[in-house]
Amino acid sequence: MNREIINKVSNKLSENNYKMTSQRRDILKVLIENDSKHFSAEELYNAVKEINPNVGLATIYRSLELLNGLGIVQELDFDHNYRRYELSMDDEHHHHLICVKCEKIIEFNDLVLEGFEAKLEKEYRFKIIDHQIKFYGFCQDCQRDNAKQKTK
């Protein structure tokens, strides 16, 4: 699967007159190996630096901007002081649950929302091209921690 994704990205870069540099390959490798993680640019930089100590933070930012522009990486704004990034090579749309205490991000897909989107389009004669749904609250671990603190 990794090779398939790398090849798809390499083709997409080539189609847009860009090359698959070693730094871009390292970024993709980290994103692929951590496909459920939502990296900040700095977190991604630290992870890539472990496999390529010569990579610079500016390279990470430039690469993320390029990969986001080509639809390879999706930039997510979770109302923090920085953006998060995830690989977006599949066509599966998902949403996010965000813990306001530990900032854990949980992905979910709900077919009910797809039906709701179709209903909105029909009812309002509106062609929806994209949407982002984010729910904020407390993850299971933080709920448990809060309950423990209340019993003390």
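The values are calculated or read from the model by the stated rules, or taken from the named source; none is laboratory data. Model, not experiment: these values are computed from the prediction. No Cβ is skipped: glycine too gets one built from the backbone with ideal geometry, and neighbour counts run over all protein chains shown.
Of the residues making up the range 84-101, those that are modelled with pLDDT under 85 and in a loop (DSSP other than H, G, I, E, B) are SER88, MET89, ASP90, ASP91, GLU92, HIS93, HIS94.
Scanning the range 47-65 for residues that are among the hydrophobic types (A, V, I, L, M, F, W, C) and out of contact with any strand residue (DSSP E or B) (no Cβ under 9 Å at 6 or more places or on another chain) gives VAL48, ILE51, VAL55, LEU57, ALA58, ILE60. Cβ separations smaller than 9 Å between residues 6+ apart or across chains give the following pairs from the range 59-80 residues that are without any contact (Cβ under 8 Å) to a residue 12 or more places away in the chain and closer than 16 Å to LYS37 by Cβ to residues that are crowded, with 16+ Cβ neighbours inside 10 Å and of a type in the set (Ser, Thr, Tyr): GLU75/TYR85. For beta carbons closer than 8 Å, sequence separation of 6+ or different chains, a first residue in the range 100-127 that is over 30 Å from ASP145 (Cα atoms) and a second that is at pLDDT 90 or above and assigned to a helix (DSSP H, G or I), the qualifying pairs are PHE126/LEU120; LYS127/GLU121. Scanning the range 108-152 for residues that are under 22 Å from PHE78 (Cβ atoms) and assigned to a loop (DSSP other than H, G, I, E, B) yields ASN109, ASP110, ILE128, ILE129, ASP130, HIS131, GLN132, ILE133, PHE138, CYS139. Taking the listed residues ILE60, ILE32, the one that is assigned to a helix (DSSP H, G or I), touching a Phe, Trp or Tyr at 6+ places or on another chain (Cβ under 6 Å) and in the same structural domain as SER10 (by TED's automatic domain parsing) is ILE60, with no other qualifying.
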